[in-house]
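> I'd like to ask some things about the structure below.
Taken together, the values in this text are just the output of simple stated rules run on the coordinates, not laboratory data. All figures in this text were calculated on a predicted structure; none of them were measured in a lab. No Cβ is skipped: glycine too gets one built from the backbone with ideal geometry, and neighbour counts run over all protein chains shown.
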Amino acid sequence: MARFSFLATLAAMIPGLSACTTPPEGVAPITNFDAERYLGTWYEIARLDHRFERGLVAVSATYARNPDGSLKVVNKGFKASTCAWSEAVGRAKFTGEPTTGQLAVSFFGPFYGGYTIFALDHQAYQWAAVSGPTRNYLWILARTPTLADDVRDRLVAEAAGLGFATENLIWVPQEVPPC
């Protein structure tokens, strides 16, 4: 795997986020959050562009419980230009109550960045919208590689209403291209 390249890019970006584990002003984390229901694999439906994910398709994040109560995070994506998978393994911990969707995530402890779940399918945990510590970071996630148009449109409208540059969203293909 092209782990080093993916991790090196993440390392270059993380120090700027290390002190910022709070959500952007006006972006509130969801409440009544159930971490056990959030565990498992999420597909990246859309994102704002970042160096550490540039060129990746078939991106997913898998969450599992660590023995200490934190969450193990495995981010994975395929880079067509190198015809290789990239993977980064990190740790997420709650910044407050575990029933609030506000976490701090680190791929290079002790450097943590904010992870704010601001929209979530509370009934079935099938989709979510997540912000980083600033409005430059936005992800739309789903349990399946596609998302219904009405849900997608609602999440984009909510993010736009919160000041995210949704016109710059990258819609992530989930197919791995032939090499």
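> Given the rule -39500 (n - 2.57) for each run of at least 4 DSSP H residues, summed and divided by the residues of the chain, what is its mean residue ellipticity at 222 nm, to the nearest 500 deg cm²/dmol? Walk me through the numbers on the way to the answer.
Details: 3 runs with 28 residues, N = 179.
Computed ellipticity for the chain at 222 nm equals -4500 deg cm²/dmol.
> Which lysines, if any, have their Cα less than 17 Å from the Cα of residue 93, not counting same-chain residues under 8 positions apart?
Excluding near neighbours in sequence, the set is 72.
> Pull out the extension gain between residue 126 and residue 167, defined as 0.36 nm times the separation in residues minus the alpha carbon to alpha carbon distance; nm, one decimal.
Values: separation 41, 0.36 × 41 = 14.76 nm, distance 2.35 nm.
Taking 0.36 nm per residue and subtracting the Cα distance, the gain is 12.4 nm.
> So which GluC sites (Glu not before Pro) in segment 148-179 are both in a DSSP loop and have at most 15 other Cβ atoms within 10 Å of their Cβ?
175
> I've got another one for you. ³J(HN,Hα) across segment 138-153 via Karplus (A = 6.51, B = -1.76, C = 1.60, θ = phi - 60°), whole Hz, x for Gly/Pro?
8, 9, 10, 10, 8, 6, 10, x, 10, 9, 4, 4, 5, 5, 4, 4
> What Cys residues in the chain are without a partner cysteine, judged by a Cβ distance under 4.7 Å?
Within the chain, the cysteines lacking a partner Cβ under 4.7 Å are 20.
> OK, next. Take the alpha carbon atoms of segment 112-171, find their radius of gyration, then divide it by 2.2 N^0.38 Å using N residues; give the quotient.
On the way: Rg = 11.2 Å, N = 60, 2.2 N^0.38 = 10.4 Å.
The value comes to 1.07.
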